[in-house]
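The values are calculated or read from the model by the stated rules, or taken from the named source; none is laboratory data. Because the structure is a prediction, the values reported are computed rather than measured. Cβ: placed from backbone, ideal geometry, glycine included. Neighbour counts: every protein chain shown.
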Amino acid sequence: MSTDLSFSSRRSPVVCLHGCVASSQPLASGVGLDVLKRGGNAADAAVAVAAALAVTEPCSTGPGGDAFCLFYSGDTGDIRGINGSGRSPQAQTLDLLEGRGYTAEAPPSAFDALNATVPGAPACWCDTVQLFGSQKLSLQEVLSGAVQLAEVGFPVAEVTAHHWAKWVAALRDARKELGGDLLIGGHVPKSGQVFKNAALAQTLKELAEHGKPGFYKGRVAQAIVDIINQNGGVMTLDDLSRHDSEVVTPISTEYKGVRLWELPPNSQGLAALLLLNILENFPQLKAVGHNSSDYIHVFVEAVRLALTDVLRYLGDPAHVTIPLETLLDKSYSQQRAQHINMDRAKEQMEPGLMTGSDTVYFCVIDSQGNACSFVNSTFMGFGTGLVPKDCGFSLQNRGASFSLRRDHVNCVAGGKRPYHTIIPALLTASATNAQKPQLLAALGVMGAFMQPQGHIQVLLNMMEFGMNPQQALDAPRVFVQYDYKTDQWVVNLEEGIDQEVAEELKRRGHKVNWPVTGHQRSQFGRGQIIAVGDWWNPNQSVTQADCLSRVLWAGSDPRGDGCAQGY
């Protein structure tokens, strides 16, 4: 369908019948599609993609990071999640940090070894295959495509090459050097240059052969501990060996006939649900027009309200009590919505932690109707930049998300999971008399605090403005962030949003950054969507859409290198 937007879709949505994979790297999407064709299901393919992305996009992801998974069963309609985030070392206490002279005002460098938390991704990969996989393919078969990419080599994609160089430069500015396994002769690989990673291939082989012990015990574990301790960190072999994933019950909210599913804390999926609940109180969103000044003003104020709540309450539920039921109650969102004045930005809203991040999000839907929504990240580019000897991956710096304020819910403590930005999502039709929830889409937008904002923008693009998945991802976005240098909330507007809109937002009291162009557009995230049926079509309601027709519609973000592939 055509839309009257100033920002046209760059490509058509992918349409297919039997299975689909959407990721930020074409080679990784191909690896996942191959697993589907060999009899694997959506979970098997998602893990294959995760491992392939660790090879092709190490500046965003890898086995040294964390992962989260949402899985929809085509048989039962059940939706389950895996929290694959790691914990801080047991010795990583606030007393330890204060004893080294660090404070909330002067924390360790984001790239410090003290910010390395236990990598959760490898365990999440293993558990996803074991709990949700087809059982037709072994872990070795699932990971074989990634191993081959690492051994044979692959040409580095254009956007990836840019971010690879950017994060290496950031590490060098922090007087750190990235390990040689992730460079070519000490240099960053250029776009189109073939890159091999024999060390990562070996790590993946050991994980495939031995499962979780192949990573969390033995050679790899010792290498992780060695590099962290050599650089002033306090992780031990016991911290690694005791790690495990957590199977969790997703949280959700309803909006105009659909239900959005997110993972519970310590994931910030709660932020997306709170944001959607607040926006539900403004039924005129469609009428005011896509990316109009009224639309963006309401969205920005709702984001600020949602993030204020999340940053106040969200932490590791094993350490703090989080009032989820109260926060997700519709009456609470009605109260919060009353704080929004259409004529003026609210001056005071409590700011929180605002850090950057590079992440990969991807999704798979298979021929049995299973869906896997998956996100994997080393947080800030290469994370700490620490590369364990002969392992081929860098260690995340997710501990940089902890607060050093003793009374904060997200205060650092031993064996604690930090506030976590990465969130996958699923969408189903609201419950009816049907025997199981009807899957509508797997979706996600990566990128730190952009993620919940991205989830809701692409969802509204489809639901309110009738965009197909590719158009929903192509449309220019808004990113609301807190600038600590000026103590102000900043509204970043992507190119394609009218200058008149930017000027009107300034008049209402917003600090506006417009237009954001070029590679700076990465701050708006990189998303993927696979939808079942054309339920977003404005000529029919969600409940009327024949989502069981098995036609899959998919899109991949133009801000990245990726693509959707189907068969």
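In summary, strands (runs of 3 or more DSSP E) completely within the stretch 158-273 and bearing 1 or more residues that are of a type in the set (Gly, Ala, Ser) occur at 251-255.
The residue that is nearest to residue 460 (Cα to Cα), counting only those in the stretch 474-525 that are of a type in the set (Val, Ile, Thr) and assigned to a strand (DSSP E or B), is 478.
Among the residues of the stretch 160-177, which ones are touching a residue at least 12 places away in the same chain (Cβ under 8 Å) and under 26 Å from residue 557 (Cβ atoms)?
Taking the stretch 160-177 as the starting set, the residues that turn out to be touching a residue at least 12 places away in the same chain (Cβ under 8 Å) are 160-168, 170-171, 174, 176-177.
Within the stretch 160-177, 160, 161, 162, 163, 164, 165, 166, 167, 168, 170, 171 qualify.
Does residue 55 satisfy the criteria of being part of a helix (DSSP H, G or I), farther than 13 Å from residue 364 by Cβ and touching a helix residue (DSSP H, G or I) at 6+ places or on another chain (Cβ under 8 Å)?
Against the criterion (part of a helix (DSSP H, G or I), farther than 13 Å from residue 364 by Cβ and touching a helix residue (DSSP H, G or I) at 6+ places or on another chain (Cβ under 8 Å)), residue 55 qualifies.
Quick check on this structure: which one of 523, 488 is in contact with a strand residue (DSSP E or B) (Cβ under 7 Å, 6 or more places away or on another chain) and touching a residue at least 60 places away in the same chain (Cβ under 8 Å)? Going through 523, 488 in turn, just one is in contact with a strand residue (DSSP E or B) (Cβ under 7 Å, 6 or more places away or on another chain) and touching a residue at least 60 places away in the same chain (Cβ under 8 Å): 523. I'd like the full set of residues that are under 18 Å from residue 559 (Cβ atoms) and either of a type in the set (S, T, N, Q) or surrounded by fewer than 24 Cβ atoms within 10 Å (Cβ to Cβ) (or both), limited to the stretch 419-447. Correct list: 421 only.
Residues of the stretch 294-309 include none that is more than 20 Å from residue 445 (Cα to Cα) and not in a helix (DSSP H, G or I).
Listed here are the residues, each with its yes/no results for (1) more than 14 Å from residue 54 (Cβ to Cβ); (2) at pLDDT 95 or above; (3) buried (at least 21 other Cβ atoms within 10 Å of the Cβ).
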{"position": "137", "(1), (2), (3)": "yes, yes, yes"}
{"position": "141", "(1), (2), (3)": "yes, yes, no"}
{"position": "151", "(1), (2), (3)": "no, yes, no"}
{"position": "160", "(1), (2), (3)": "no, yes, yes"}
{"position": "174", "(1), (2), (3)": "yes, no, no"}
{"position": "184", "(1), (2), (3)": "yes, yes, no"}
{"position": "190", "(1), (2), (3)": "yes, yes, no"}
{"position": "193", "(1), (2), (3)": "yes, yes, no"}
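For residue 230, the criteria (1) among the polar types (S, T, N, Q); (2) surrounded by fewer than 23 Cβ atoms within 10 Å (Cβ to Cβ); (3) closer than 29 Å to residue 411 by Cβ; (4) in contact with a helix residue (DSSP H, G or I) (Cβ under 7 Å, 6 or more places away or on another chain) hold in every case but one, which is (4).
Conditions (1) out of contact with any Cys (no Cβ under 8 Å at 6 or more places or on another chain); (2) modelled with pLDDT of 95 or more; (3) part of a loop (DSSP other than H, G, I, E, B); (4) surrounded by fewer than 24 Cβ atoms within 10 Å (Cβ to Cβ), marked per residue:
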{"position": "6", "(1), (2), (3), (4)": "yes, no, yes, yes"}
{"position": "28", "(1), (2), (3), (4)": "yes, yes, no, no"}
{"position": "31", "(1), (2), (3), (4)": "yes, yes, no, no"}
{"position": "35", "(1), (2), (3), (4)": "yes, yes, no, no"}
{"position": "39", "(1), (2), (3), (4)": "yes, yes, yes, yes"}
{"position": "46", "(1), (2), (3), (4)": "no, yes, no, no"}
{"position": "62", "(1), (2), (3), (4)": "yes, yes, yes, no"}
{"position": "68", "(1), (2), (3), (4)": "no, yes, no, no"}
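For every residue, the table says whether it meets (1) surrounded by 13 or more Cβ atoms within 10 Å (Cβ to Cβ); (2) out of contact with any Phe, Trp or Tyr (no Cβ under 6 Å at 6 or more places or on another chain); (3) touching a residue at least 12 places away in the same chain (Cβ under 8 Å).
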{"position": "316", "(1), (2), (3)": "yes, yes, yes"}
{"position": "321", "(1), (2), (3)": "no, yes, no"}
{"position": "328", "(1), (2), (3)": "yes, yes, yes"}
{"position": "333", "(1), (2), (3)": "yes, yes, yes"}
{"position": "343", "(1), (2), (3)": "no, yes, yes"}
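In the stretch 524-567, the residue that is surrounded by the fewest Cβ atoms within 10 Å (Cβ to Cβ) out of those that are within 20 Å of residue 428 (Cβ to Cβ), over 17 Å from the mean Cα position of the chain (by Cα) and at pLDDT 95 or above is 553.
Given the condition part of a strand (DSSP E or B), in contact with a Cys (Cβ under 9 Å, 6 or more places away or on another chain) and hydrophobic (A, V, I, L, M, F, W, C), answer yes or no: does some residue in the stretch 70-79 qualify?
Among the residues of the stretch 70-79, at least one is part of a strand (DSSP E or B), in contact with a Cys (Cβ under 9 Å, 6 or more places away or on another chain) and hydrophobic (A, V, I, L, M, F, W, C), which makes the answer yes.
Any residue at all in the stretch 283-290 that's in a loop (DSSP other than H, G, I, E, B), hydrophobic (A, V, I, L, M, F, W, C) and touching a residue at least 12 places away in the same chain (Cβ under 8 Å)? No: the stretch 283-290 contains no residue that is in a loop (DSSP other than H, G, I, E, B), hydrophobic (A, V, I, L, M, F, W, C) and touching a residue at least 12 places away in the same chain (Cβ under 8 Å). If you check every pair at least six apart or on different chains, which have Cβ atoms under 6 Å apart with a residue in the stretch 296-312 that is on the phi < 0 side of the Ramachandran plot and touching a residue at least 12 places away in the same chain (Cβ under 8 Å) first and a residue that is polar (S, T, N, Q) and part of a helix (DSSP H, G or I) second? Listed by first residue and then by second, the contacts come to 303/453. Residues considered: 426, 386, 460. Of these, the only one that is in a loop (DSSP other than H, G, I, E, B) and touching a Leu at 6+ places or on another chain (Cβ under 9 Å) is 386.
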